[in-house]
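Have a look at the structure below before the remarks.
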Amino acid sequence: MQTHHGGCHCGAIRLAFTSAIDPHDMEVRACQCSFCRRHGSLAAADPHGRLRVTMREPNRMQRYTFGMRTADYLVCRNCGVYVAAVTRDTGEPRGIVIVNALDDRALFDRTPLEMTYDGEDRQGRIARRREKWMPVEIGVGEAG
């Protein structure tokens, strides 16, 4: 298992993404929704991995939601960096990490797959996330 650290630009939100998949082999997705395109986001997840999101100051994390409202998109209120998306609709919280927010993002060098999810209904979207997204823990404190 490898842990990849990262976070937002100002350091208010920190990430720890743990996976047994080598970053060079990990699938990287480029969602084509307007939110992700505007952020230039590239996402990764390992259903057998884990994501930990730690906030030094909880009031600096904005949970943005849109569309079907099946996920919260985590954005730093201070510096504006989009770091992860999480959902609770799957039972336990599950999420994706935004590769752009990782310190070693250059290691995730596979050609991104352009993904369009417009044809999904609510139940299909939840089922896909249950299968493809990873367990996530959100906490408060100092972390790396």
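Across the range 49-88, the number of residues qualifying as of a type in the set (D, E, K, R), buried (at least 17 other Cβ atoms within 10 Å of the Cβ) and within 23 Å of Thr18 (Cβ to Cβ) comes to 2. Looking only at the range 89-109, filter to residues that are part of a loop (DSSP other than H, G, I, E, B) and exposed (fewer than 15 other Cβ atoms within 10 Å of the Cβ); which one of those is modelled with the lowest pLDDT? That would be Gly91.
When you scan the range 121-128, do you find a residue that is crowded, with 17+ Cβ neighbours inside 10 Å and either in contact with a helix residue (DSSP H, G or I) (Cβ under 6 Å, 6 or more places away or on another chain) or of a type outside the set (Phe, Trp, Tyr) (or both), even just one? Scanning the range 121-128, I find at least one residue that is crowded, with 17+ Cβ neighbours inside 10 Å and either in contact with a helix residue (DSSP H, G or I) (Cβ under 6 Å, 6 or more places away or on another chain) or of a type outside the set (Phe, Trp, Tyr) (or both), so the answer is yes. When Asn59 is tested against (1) under 17 Å from Phe35 (Cβ atoms); (2) part of a helix (DSSP H, G or I); (3) not aliphatic (A, V, I, L, M), exactly one condition is not met: (1).
Cβ separations smaller than 6 Å between residues 6+ apart or across chains give no pair from the range 59-78 residues that are hydrophobic (A, V, I, L, M, F, W, C) and at pLDDT 85 or above to residues that are assigned to a loop (DSSP other than H, G, I, E, B) and surrounded by fewer than 18 Cβ atoms within 10 Å (Cβ to Cβ). Reported count of residues in the range 1-49, each being in a strand (DSSP E or B) and of a type in the set (Lys, Arg), is 2. Across the range 24-39, a minimum of one residue is classified as small (Gly, Ala, Ser), farther than 20 Å from Gly139 by Cα and touching a helix residue (DSSP H, G or I) at 6+ places or on another chain (Cβ under 8 Å).
Every condition in (1) assigned to a loop (DSSP other than H, G, I, E, B); (2) modelled with pLDDT of 95 or more; (3) of a type in the set (Lys, Arg) holds for Arg52 except the one numbered (1).
With the checklist (1) touching a Lys or Arg at 6+ places or on another chain (Cβ under 6 Å); (2) modelled with pLDDT under 95; (3) small (Gly, Ala, Ser) in hand, flag the one item Ala43 doesn't pass. All conditions are met except number (2). Looking at Ala71, Ala85, just one residue is of a type in the set (A, V, I, L, M, F, W, C) and touching a Ser or Thr at 6+ places or on another chain (Cβ under 7 Å), and that residue is Ala71.
The values are calculated or read from the model by the stated rules, or taken from the named source; none is laboratory data. None of the values given here were measured: they were computed from a predicted structure. Quick reminder, even Gly has a Cβ in these numbers, built from the backbone with ideal geometry, and neighbours come from all protein chains shown.
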